[in-house]
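These notes concern the structure reproduced below.
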Amino acid sequence: MSSGDEVVVALDVGGTGMKCALVRPDGRTVHAERHATEAARGPEAVIGTILDVAEGLAGKARAAGLTPAACGIAVPGVVDEARGVAVWSANVGFRDVPLRELAQARLGLPTALGHDVRAGGLAEARLGGGRDGGHVLFVAIGTGIAAAHVVDGSAAVGAHGAAGEIGHILVRPDGPRCGCGRPGCLEAVASASAIGRRYTELSGAPTTAAEVADRAAAGEPLAGRVWREAVEALADGLATAQALFDVETIVIGGGLAQAGPRLLDPLRGALRERLTFHREPRLVAAALGDEAGCLGAALLALDARP
Ligand SMILES: [Zn+2]
């Protein structure tokens, strides 16, 4: 077997969809497909789909004359990467699922199980927006806010598989209640959902974060205020993160990053105001879009090859 025909099978499993691909050792995607997760069917059915899709991809690789060498699967929630167990996930319903073992048994390939945001961070740090920095913090801002701290190409997992939950940094003790139960968490104030919710509450008209960004840019005062409040809270969270991690680059991803300079420019300024002796990190937009998690799963697979 020459390494020229080698690929890995990569899956990024989300609450609504799965992004799946066959990826070359150089990070190039040779085949990509998407499937619905249909989490409402329950975890057993979702596991069945994951295994079917992974097996199907390995079969497609072989049919194309390629050699599947390993499999990488990224899932949301709390993930024990060392044991290969999906410990807990709110949106997919996993409870202690030994997904690595199950995939290995089905595919006969070495398999790595990873966490979706950590996998995305790995890809952004190695192949995307954080490419040239040894210490990178990837921050995904969407429905929630989560981060991955990547040092020299590997993401810190934490003692319990839950490193990087910066969405639950306390930034506004009197603020709105977070999904975790406590008032004032960063993601309760500054996630895309929180921004839409806040504007909707003040204006009475259902509005998304993207629309708030547009209206703020167009000079609407209420949208400008809501956007500014979110940016200030994000800057508080990132200043705390920088005090903890001292990174070279912060890569902002997730849905809110689509606001581009309308988010990054004021955020950079607000972060600068908050830093004293800490070095200011480079603040950049993610480069890999919603494929980061799948590419990260591929990197985990490549690392898991014999
Ligand atoms: Zn919280």
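A quick yes/no check of all residues on (1) more than 18 Å from the chain's Cα centre (by Cα); (2) surrounded by 16 or more Cβ atoms within 10 Å (Cβ to Cβ); (3) closer than 25 Å to Gly133 by Cβ:
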position: Gly181; (1), (2), (3): yes, no, no
position: Leu186; (1), (2), (3): no, yes, yes
position: Val189; (1), (2), (3): yes, yes, no
position: Gly219; (1), (2), (3): yes, no, no
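Residues in segment 176-220 that are among the hydroxyl-bearing types (Ser, Thr, Tyr) and either within 16 Å of the ligand (Cβ to nearest atom) or at pLDDT below 95 (or both): Ser191, Ser193. Looking at this structure, is Ala243 hydrophobic (A, V, I, L, M, F, W, C), at pLDDT 95 or above, under 24 Å from the mean Cα position of the chain (by Cα) and open to solvent by 20 Å² or more (accessible area, probe 1.4 Å)? Yes: the conditions hold for Ala243. The set of residues from segment 128-145 being over 28 Å from Asn91 (Cα atoms) and at pLDDT 95 or above comprises just one member, His135. For segment 270-306, a residue qualifies if it is in a helix (DSSP H, G or I) and open to solvent by 30 Å² or more (accessible area, probe 1.4 Å), and the qualifying residues are Arg272, Glu273, Arg274, Gly289, Asp290, Glu291, Leu300, Asp303, Ala304. If you check Ala216, Ala233 for being touching a Gly at 6+ places or on another chain (Cβ under 9 Å), in contact (Cβ under 8 Å) with a residue 40 or more places away in the chain, assigned to a helix (DSSP H, G or I) and more than 15 Å from Ile145 (Cα to Cα), only one passes: Ala216.
Results for (1) touching a Phe, Trp or Tyr at 6+ places or on another chain (Cβ under 7 Å); (2) part of a strand (DSSP E or B); (3) open to solvent by 30 Å² or more (accessible area, probe 1.4 Å); (4) more than 17 Å from Leu302 (Cα to Cα), shown as yes or no for each residue.
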position: Val7; (1), (2), (3), (4): no, yes, no, no
position: Leu11; (1), (2), (3), (4): no, yes, no, no
position: Ala21; (1), (2), (3), (4): no, yes, no, no
position: Gly27; (1), (2), (3), (4): no, no, no, no
position: His35; (1), (2), (3), (4): no, yes, yes, yes
position: Glu44; (1), (2), (3), (4): no, no, yes, yes
position: Leu51; (1), (2), (3), (4): no, no, no, yes
position: Ala82; (1), (2), (3), (4): no, no, yes, no
position: Ala86; (1), (2), (3), (4): yes, yes, no, yes
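The values are calculated or read from the model by the stated rules, or taken from the named source; none is laboratory data. Note that the structure is predicted; figures quoted are calculated from it, not measured. Ideal geometry is used to build each Cβ from the backbone, glycine not excepted, and the neighbour counts take in all protein chains shown. The accessibility values were calculated without ligands, DNA or RNA, using every heavy atom of the protein model including side chains. Shrake-Rupley method; radii C 1.70, N 1.55, O 1.52, S 1.80 Å.
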